[in-house]
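Here is the structure we will look at.
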Amino acid sequence: MNFLPPDSNRPESDYSGSDQPRPIPPAPESHGEGADGEDFGIEPDAKKPHETPIGSDRSIGADRPIDLDQPIEAEEVIWAELVPPEEVGPPRPPSRFPGEPAWGPHGEPVYPYYQVLQGTQPPRPVPVREPFSKPRRLLPAILFGCTCLTTLWAGVEMSPFGGTSVLIPSLYQLLTTGALPEGITGGTISGIFVHGLWYAVPLMTILTFHEMGHFIQARRYKVPASWPFFIPMPFGLIGTMGAVIGMASHKGDRKALFDIGITGPLAGLIPTIICCLIGLYYSEVKPIPPNSFQFGDPLLLKFLTWWKFGPIPAGHDVVLHPIGFAGWVGLLITSLNLIPIGQLDGGHVLYALLLKWSHVIARLLLFGAFFAVAFYYPAWIIMVLLLFMMGAEHPPTADDTVPLGRFRVVLGWLTLAFIFVGFTPMPFKF
């Protein structure tokens, strides 16, 4: 099937009985705008493979068959990409028609293609949608609400008034008999809830600051990104596994990747440090009960504890206020995200700093982490397996040649160095 129009300077008879293809007229310079005036950002002279002019609705109507022997007026020509009919199938991840290409799983450009409808009308574009062009809101909102509940539950469990073992039976008896159990007052119930809120609200604030740092920077650089997906953990000590954000990082250049990757941890650190300071102010030093459960402290929190309480006597430890424990979780999540491997925040920053050399460092760190987990602290095995599944290498950006500048380079290395003061190798001690 040939949609090529004849050359306006040669008679139609010159093409009859010849295998010579009809020439392609130059693409009009105005083809970079859509029907409603939207600018799709296409260079006027940028032609893609398989680009062929086809007749518009005025020259080839939908009410009559396509006649390939009839000439098509030059002003009646529009441009589209065609593929052989046997290649027409479910649409690949495309971009807006006729915008920039989307990207395949291996970084290759994937252009939108069009199904050729035989016989009665010209080709029509397959309806396509750019990934993250209209981020979903319902699922992120549901996950956010579930994470608020699971973190509240975790805070209630840590209450010194008894946690859910006291709260649930008390509420059940109150609903069934209209009275609280003996020895339980309304102040006890409210104290349990308040303890949970003192933990859940600061922690959700830390996570929201972190993820919105990524999201706002992605919007600033026009990089497609989803709303944050918070991860609830109903059965756990901290109530959540953090949050993630889907992002087409290959759509931005090197500087955009750096700014998007580093803004999340830096934004999250602001409420994290504030929670640590406020929490330590309301914390107390108490004797360690026998067979008790303890949390490991990162170097930064040890320094702040020494600054507030001085040397801790033997057999004693700091009992953190729930706000301080939210700060402890914020330090743990931030330092984990700054590990320079794959698609973690640290992986984005390291790739922006070293480009392909970051792959060597990421592989060494990943294999080193595997052996450290196997022989030192097996509790990290799930995290290491997730990193193996994600992969150690970072995909290239749209333009790796964009310079970062001295300020970003220094800021990037200082931020990565935060792992040494914020990470807890053994967060849980039994």
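Which whole-number value in Å² is the accessible area per residue of segment 186-306, probe 1.4 Å?
46 Å²
What are the semi-axes of the equivalent ellipsoid for segment 239-282, taken as the square roots of 5 times the Cα gyration tensor eigenvalues, largest first, in whole Å? Intermediate results must be reported in sequence, preceding the final value.
Numbers: eigenvalues 178, 37, 3 Å².
For segment 239-282, the semi-axes come out at 30, 14, 4 Å.
Before I look further, what does segment 370-420 give for accessible area per residue, probe 1.4 Å, in whole square angstrom? Please list the in-between numbers first.
On the way: 3440 Å² over 51 residues.
That works out to 68 Å² for each residue.
How much net charge surrounds Leu404 when only other residues with a Cβ under 9 Å from its Cβ are counted (Lys, Arg +1; Asp, Glu -1)?
Once all neighbours under 9 Å are counted, the net charge is +4.
Leaving ligands, DNA and RNA out of it, report the carbon-plus-sulfur percent of the accessible area of segment 317-385 at a 1.4 Å probe.
79 percent
Rounded, prolate or oblate: which fits segment 356-430, taking a ≥ b ≥ c as square roots of the Cα gyration tensor eigenvalues, rounded meaning a/c under 1.5, else prolate when a/b beats b/c?
Details: a/c = 3.11, a/b = 1.64, b/c = 1.90.
Note, shape of segment 356-430 comes out oblate.
Diagonalise the Cα gyration tensor of segment 315-384 and give the resulting equivalent ellipsoid semi-axes, square root of 5 times each eigenvalue, largest first, whole Å.
For segment 315-384, the semi-axes come out at 29, 18, 8 Å.
Got a sec? What order do Trp380, Trp413, Trp328 fall in by accessible area at 1.4 Å, biggest, i.e. largest, first? If you can, show how the numbers build up before the last one.
Numbers: Trp380 45, Trp413 115, Trp328 5 Å².
Ranking Trp380, Trp413, Trp328 by accessible area, largest first, yields Trp413, Trp380, Trp328.
At a 1.4 Å probe radius, carbon and sulfur cover how many percent of the accessible area of segment 179-229?
That share works out to 72 percent.
If the limit is 28 Å between Cα atoms, which of Lys286/Lys429; Lys308/Lys429; Lys302/Lys356 go over it?
Among Lys286/Lys429; Lys308/Lys429; Lys302/Lys356, the Cα-Cα distance tops 28 Å for Lys302/Lys356.
Counting only residues 5 or more places away or on other chains, whose amide H sits under 5 Å from the amide H of His316 once H atoms are built in the peptide plane?
Placed amide hydrogens put Ile288 under 5 Å from His316.
How large is the direction-averaged shadow of the alpha-carbon convex hull of segment 162-288, in nm²?
11.3 nm²
The values are calculated or read from the model by the stated rules, or taken from the named source; none is laboratory data. What you see is a predicted model; the values in this text were computed from it and never measured. Please note: Cβ atoms are built from the backbone with ideal geometry, for glycine as well, and neighbour counts cover all protein chains shown. Just so you know, the surface numbers come from the protein's heavy atoms only, side chains and all, with ligands and any DNA or RNA stripped out. Shrake-Rupley method; radii C 1.70, N 1.55, O 1.52, S 1.80 Å.
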